[in-house]
Structures are given as C-alpha cells and as structure tokens.
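The block underneath contains the structure these notes are about, expressed in structure tokens.
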Amino acid sequence: MKCNNISDCSSDSQQTQNLVRTLLDQSHLSPFSLSSRPTLWDFDHTLRLYPIPHLMVIADTSCHAFHISYCGCLSINPGKLAYSHKASWAEYNPTKNKVTLFQELI
C-alpha cells in the first residue's frame, strides 16, 4: 500500500523514505502545490535540486536523526542538537561517502 500522506505512515522509516523520495523525485526543496505554498519566482532556482546532489542535509528538528541513500544521493537529518540531557550530531566523511550519527550525554 502506497502512503500518500506522511502523517498516515505507520513507521518512522516509511516517513523517512517518503520524505527523501519526494524531495529528490520532484527535484525541489519545497515540493508543495502553488495554492498551498506561494512561490517567489525570483528565488525559486535556489531551491531546485538539479542535478541531484551527492549529499542533502535536512535540518528538521521535529524528526528523528537518520541517514538514507536514494538515487545516489546520501540524505542526512542530524535531528535535534540537544534534548533531554543528550546531544546528537552527524559527521560526514566525503572521501568514504559515509555518515556517522553520534549521541552523547551532557
């Protein structure tokens, strides 16, 4: 069953895959209809993802930390920097094209 709405998805991994797939398949960082999200056409080119990048960092604090590869693009969300006496961050090694997620008590 295909999930059309992210809020209807059952698992975090499904939401993560849908988010990354939507952004990269539409090649735009704001994949909304014009009626729901007006576009400033003078600056729209800054949100385009063509050609597909090697690395995309999504800084969404409302979502858990993740890294996923789709269509040759490694997508990272480091999550919240600090919460509940914990700090989390992501490190990217461009020579190995590898991401390491870290979490530490503060």
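Nothing in this text is a laboratory measurement; each read-out follows from the coordinates by a stated rule. It should be emphasised that the depicted structure is a prediction, and the values quoted were computed from it without experimental measurement. Counting neighbours? That spans all protein chains shown, and the Cβs are built from the backbone with ideal geometry, glycine included.
Annotations for the structure displayed:
- Among beta bridges from DSSP that stay inside the chain, the antiparallel ones total about 85%.
- Ranked by how many other beta carbons lie within 10 Å on average, peptides 70-79, 28-37 from highest: 70-79, 28-37
- Mean ellipticity per residue at 222 nm, deg cm²/dmol - from DSSP H runs of n ≥ 4 across the chain, formula -39500 (n - 2.57): -4500 deg cm²/dmol
- Taking the fewest neighbouring Cβ atoms within 10 Å as the starting point, the ordered list for L101, L19 is L101, L19.
- Taking N as its residue count, the alpha carbon Rg of the stretch 6-105 over 2.2 N^0.38 Å: 1.18
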